[in-house]
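Q: Please find one structure pasted underneath; my questions will follow.
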Amino acid sequence: MRFIDLFAGLGGFHVGLANNGHKCVFACEIEAELRNLYKFNYGIEPFDDVTKIEVTKIPSHEIICAGFPCQPFSLAGQKKGTECPKSGKLIEHVIRIAKFHCPQFILLENVPNIVTITNGTFWRYLTNSFEKIGYKIYHKIISPVDIGIPQNRKRIFIIAVRQDIDNGNFNWPSANKLKKLNLSKILNKNNIHKHLETPKSKLLKHWQKLLNELSISELRSISIVAPEFGATYPHDFNKISFKEMKKYKGAYGQSLANCKSWDEIMKKMPSYTNKYLKIPDWLFKSAMKSRELFSENMEVCSKWAEKLDKKNNSWQILEWRGNFNDLNIYNHLVQFRASGIRILRANVAPSLISMTPTQIPIIPSENRYLSPYEAAKLQNLHRLKMLPHGTVKSFKALGNAVNAKIVEFITKNLNIDYGILR
Ligand SMILES: C[S@@+](CC[C@H](N)C(=O)[O-])C[C@H]1O[C@@H](n2cnc3c(N)ncnc32)[C@H](O)[C@@H]1O
């Protein structure tokens, strides 16, 4: 079938559909660099702004693909939905094009919470709009791990089938769940990659030292919150008087006794208490556990905390999401996040995300970041002739892309299921 690739980006839809024998006849992408890349990779020069497309200029086609921009819908975004004037409204142009061309199928991909944002208003708008122009909507949340690719990346896949050919039950292919996930098969340190910066590398070593010296053999999903080592302040000090507060110890056991003002006290308190004068709920359990760890390992923790690099607040928290009983950071993946240093199991990569290149996964045993080529493999885009120049741009585009293998997977039976010969 012929397809058009709206919001084309790196062309995840293109690769997935082309692998099933379908042919791209038109694309659009607003970013000039991605347009040039698309031309280089696929031989098609995309149109720029979707809002400026004249529908009559688009060639006939059987499938519309649209990974419409997800920033306004992602959890990290502001949850603005259609109220967002810039990208929330772009779906209207998909509807406009579909209304004119009436292709058999429309394929959309986005973050799963488009179903719930603005109390479901956006989702109702989307489904009603497509139903009104004659389509039946099917949707499913799929992650690459579901089809054997070692990346956690839940996305909603929406397929709108034209009502006259709809058989009432779109057939989502079932995945072979038995496939074992193994990121190491994708890793190759000989690819061009970025080394881990020395301060970060030293920091990981220092945290490993603590894990080695603590008298614990396992860590469940908690964070070690170093500023709680030696702290005694009440977890919620919102209503506590200045005089009362001076009786306690702040971050790293600093005495508050000689403080002359609340400002002085707050300088000795952990940064995460600054906003609401309490330990945030999401950190509470870990903070209490960290106090316990301290009291059971006082000497080790005190000596260790003195030498901890405290340049960044987030470097003082270790978020353990790795194996419970293998406390070796170097057998895991690492991600530097705003909330802390996250330790993840080594067999599956976290979701590639476009907005913060600082969160590129790290392979600590090789003292390096995941390479753009390895990330492209996680999106099944590694056979492209070219990726954007530089790590940051590559990760941004790859984090924006739809997983090409999932597209290939869900569309493999389209022609057969609907008896389409073209
Ligand atoms: C979520 S990404 C989709 C990526 C694509 N599906 C892929 O596999 O790489 C959204 C894309 O829409 C593009 N975009 C944003 N506004 C646009 C507009 N008004 N017209 C065309 N493209 C636009 C962005 O530059 C971005 O590449």
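The values are calculated or read from the model by the stated rules, or taken from the named source; none is laboratory data. Since the model is a prediction, treat every value here as computed from it, not as a measurement. Note: ideal-geometry Cβ built from the backbone for every residue, glycine included; neighbour counts use all protein chains shown.
Q: Of everything in the range 309-320 that's in contact with a helix residue (DSSP H, G or I) (Cβ under 6 Å, 6 or more places away or on another chain) and crowded, with 19+ Cβ neighbours inside 10 Å, which residue is nearest to LYS285 (Cα to Cα)?
A: For the range 309-320, the residue satisfying everything is LEU318.
Q: Of the residues in the range 200-231, how many are within 28 Å of the chain's Cα centre (by Cα), outside any loop (DSSP other than H, G, I, E, B) and farther than 12 Å from ILE317 by Cα?
A: Looking only at that region, the number is 7.
Q: Sticking with this structure for a sec: When you go through LYS285, LYS289, LYS267, LYS275 one by one, which is the residue that is charged (D, E, K, R), over 30 Å from GLU213 (Cα atoms), within 36 Å of the chain's Cα centre (by Cα) and surrounded by fewer than 18 Cβ atoms within 10 Å (Cβ to Cβ)?
A: Just a single option satisfies the conditions, and that option is LYS275.
Q: Please find, within the range 399-408, the residue that is farthest from the chain's Cα centre (by Cα) out of those that are buried (at least 24 other Cβ atoms within 10 Å of the Cβ) and either of a type in the set (Ser, Thr, Tyr) or more than 8 Å from the ligand (Cβ to nearest atom) (or both).
A: VAL407
Q: Can you tell me which of PHE242, PHE229 is in contact (Cβ under 8 Å) with a residue 12 or more places away in the chain and under 15 Å from CYS301 (Cα atoms)?
A: PHE229
Q: So, in the range 1-52, how many residues would count as being of a type in the set (A, V, I, L, M, F, W, C), in a loop (DSSP other than H, G, I, E, B), closer than 20 Å to ILE159 by Cβ and more than 8 Å from the ligand (Cβ to nearest atom)?
A: Residues meeting the conditions: 1.
Q: If you don't mind, another one. Checking GLU109 against (1) part of a helix (DSSP H, G or I); (2) at pLDDT 95 or above; (3) near the ligand (Cβ under 10 Å from one of its atoms), which single condition isn't satisfied?
A: (1)
Q: Test SER351 against the stated conditions and say whether it is surrounded by 15 or more Cβ atoms within 10 Å (Cβ to Cβ), in a helix (DSSP H, G or I) and touching a residue at least 12 places away in the same chain (Cβ under 8 Å).
A: no
Q: Conditions first: (1) surrounded by fewer than 20 Cβ atoms within 10 Å (Cβ to Cβ); (2) more than 22 Å from ILE279 (Cβ to Cβ); (3) more than 23 Å from the chain's Cα centre (by Cα). TRP304 passes all but one, so which condition is the exception?
A: Of everything listed in (1) surrounded by fewer than 20 Cβ atoms within 10 Å (Cβ to Cβ); (2) more than 22 Å from ILE279 (Cβ to Cβ); (3) more than 23 Å from the chain's Cα centre (by Cα), TRP304 misses just condition (2).
Q: Next question. Name, by its number, the condition in (1) surrounded by 18 or more Cβ atoms within 10 Å (Cβ to Cβ); (2) not in a loop (DSSP other than H, G, I, E, B) that does not hold for THR358.
A: (1) is the only condition that THR358 fails.
Q: Follow-up. How many residues, within the range 374-398, are crowded, with 18+ Cβ neighbours inside 10 Å and more than 14 Å from the ligand (Cβ to nearest atom)?
A: 3
Q: Within the range 234-266, can you find the residues that are outside any strand (DSSP E or B) and under 21 Å from TRP304 (Cα atoms)?
A: Selection gives GLY250, ALA251, TYR252, GLY253, GLN254.
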